[in-house]
1. How big is the antiparallel share of DSSP beta bridges in the stretch 6-127, given as a percent to the nearest 5?
2. Which loop-located trypsin sites (Lys or Arg not before Pro) does the stretch 33-104 contain, where loop means any DSSP state but H, G, I, E or B and the Cβ has at most 13 other Cβ atoms within 10 Å?
3. Working from the pairwise distances between different alpha carbons, so that the mean of 1/r is found and then inverted, what is the chain's Kirkwood radius in Å?
4. Just to be sure I understand the model, the point goes 7 Å from the Cα along the line to the Cβ. What's the resulting Met84 to Glu14 distance in nm?
5. Suppose a student asked you for the relative contact order of the stretch 1-64, using Cα pairs under 8 Å spaced at least 6 residues apart; what percent would you report?
6. Around Phe35, what is the net charge, scoring Lys/Arg as +1 and Asp/Glu as -1 over all other residues with Cβ under 14 Å from its Cβ?
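Nothing in this text is a laboratory measurement; each read-out follows from the coordinates by a stated rule. For clarity, every value in this text was computed on a predicted model and none was experimentally measured. Don't worry about glycine lacking a Cβ; one is built from the backbone with ideal geometry, like all the others, and counts go over all protein chains shown.
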Amino acid sequence: MEIEKLIIDGIREEKGLRYSVRINDRRVMLSLTLFVYLVRLAAGRVGLPGVPSDGGWVWKGDISPVLHRARNIQRLNDAVRSQMDADRRFYLVENNLRCSYRLKVRPDLVELNDDLRDFCDSYEVRQVFEEVE
């Protein structure tokens with residue numbers, strides 16, 4: 001399966017704490033933790049100033065300061081795969097084996113909703129839009 005468009009809109013479910021992204025016009029709902037990971041990886045992929053990256057590769061400490069990052073990356077891949085009915089070889093996030101991760105989507109196919117600048121549920125999401133001083 002090839003990703004033609006990744007839109008991170010962040011629409012929250014009316015009940016519960018799940019947030020929306022659209023992949024190839026299909027809605028995928030993620031927990032807040034996985035949503036934050038995806039936003040930070042997308043920001044690194046498109047080169048937003050709040051997340052340092054090297055060609056879209058984001059160091060694990062810039063994704064999240066807590067442990068279990070690899071497990072959460074796997075959970076993100078699993079959640080997307082299951083909701084997209086993709087085969088088990090599909091990965092949204094890849095690893096360079098040097099403690100960095102990157103979305104397997106071309107930067108021009110990634111769109112972050114500007115309303116995320118005021119995302120009240122997580123400072124880590126708002127932070128990706130801030131200028132680094």
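1. Just about 85 percent of them are antiparallel.
2. On the way: sites: Arg40, Arg45, Lys60, Arg69, Arg71, Arg75, Arg81, Arg88, Arg89, Arg98, Arg102, Lys104; in loops: Arg88, Arg89, Arg98, Lys104.
The qualifying sites are Arg88, Arg89, Arg98.
3. 14.7 Å
4. Those two pseudo-labels are separated by 2.9 nm.
5. Values: 83 pairs, mean separation 12.7, N = 64.
So the answer I get is 20 percent.
6. Cβ neighbours under 14 Å give a net charge of +2.
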